[in-house]
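Data first, discussion second: the structure below is written as structure tokens.
Values in this text are rule-based calculations from the coordinates and carry no lab data. Predicted, not measured: the structure shown is a model, and the values here were computed from it. Here the Cβ positions follow ideal geometry from the backbone for every residue, glycine too, while neighbour counts run over all protein chains shown.
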Amino acid sequence: MTGWVLLKLFNGFFWNIQIHKGQMEMVKKAATEMKAPLVFLPVHKSHIDYLLLTFVLFCHNIKAPHIAAGNNLNIPIFSTLIHLLGGFFIRRKLDETPDGKKDVLYRALLHG
């Protein structure tokens, strides 16, 4: 279902998407043969980056990464799409606690 939604979305935005075949093979090899954990760091020029990355990996039968999204994106429709893509929401501000104190554990996890 999510793949279909992304296909319709990207068909409206792009005429084509070019993928470097050799680089995709390296990613596929790392994901399957080496069983290495993969970390993708989109440049975040837009919200399309991580959606497109997930779609391209899906099209090449590579397990999609989990997406960490800021809690400001937890809005109707978009939050559903992020959840379907394996995403989760995190606080954008490190010191955002009800009592106004620094959340040392949260800070350590994000910086780790």
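Are there any chymotrypsin sites (Phe, Trp or Tyr not before Pro) in region 7-61 that are in a DSSP loop and have at most 11 other Cβ atoms within 10 Å? List them by number.
Details: sites: 10, 13, 14, 15, 40, 50, 55, 58; in loops: 14, 15, 40.
Passing sites in region 7-61 are 14, 15.
On C-alpha positions alone, give me the angle between the axis of helix 48-59 and the longest principal axis of the chain, in degrees, nearest 10.
50
Say R0 is 22 Å: what FRET efficiency, to the nearest 0.05, do residue 80 and residue 46 get from their beta-carbon distance?
The formula returns an efficiency of 0.70 here.
Let me make sure I get this right: for the chain, a, b and c are the square roots of the gyration tensor eigenvalues over alpha carbons, sorted descending. Under 1.5 in a/c it's rounded, otherwise prolate if a/b > b/c, else oblate. Which is it?
oblate
Relative contact order for region 1-99: what percent, with Cα pairs under 8 Å and sequence separation of 6 or more?
Reported relative contact order: 24 percent.
Between 77, 27, 65, whose Cα lies farthest towards the positive end of the dipole of region 2-111 when Lys and Arg beta carbons carry +1 and Asp and Glu beta carbons carry -1, centred on the Cα centre?
Projecting each Cα onto the dipole axis, the largest value belongs to 27.
Treating the angle as unsigned and between 0 and 90°, give the value, to the nearest 10°, between the Cα long axis of helix 21-32 and the longest Cα principal axis of the chain.
Helix 21-32 sits roughly 60 degrees off the main axis of the chain.
Go through region 36-110 and name the trypsin sites (Lys or Arg not before Pro) that are in a DSSP coil and have 14 or fewer other Cβ atoms within 10 Å of their Cβ.
Within region 36-110, the qualifying trypsin sites (Lys or Arg not before Pro) (loop, at most 14 other Cβ atoms within 10 Å) are 45, 63, 91, 92, 93, 101, 102.
Calculate the FRET efficiency for residue 29 and residue 101 from the Cβ-Cβ distance with a Förster distance of 30 Å, rounded to the nearest 0.05.
Given R0 = 30 Å and the Cβ-Cβ separation, E is 0.05.
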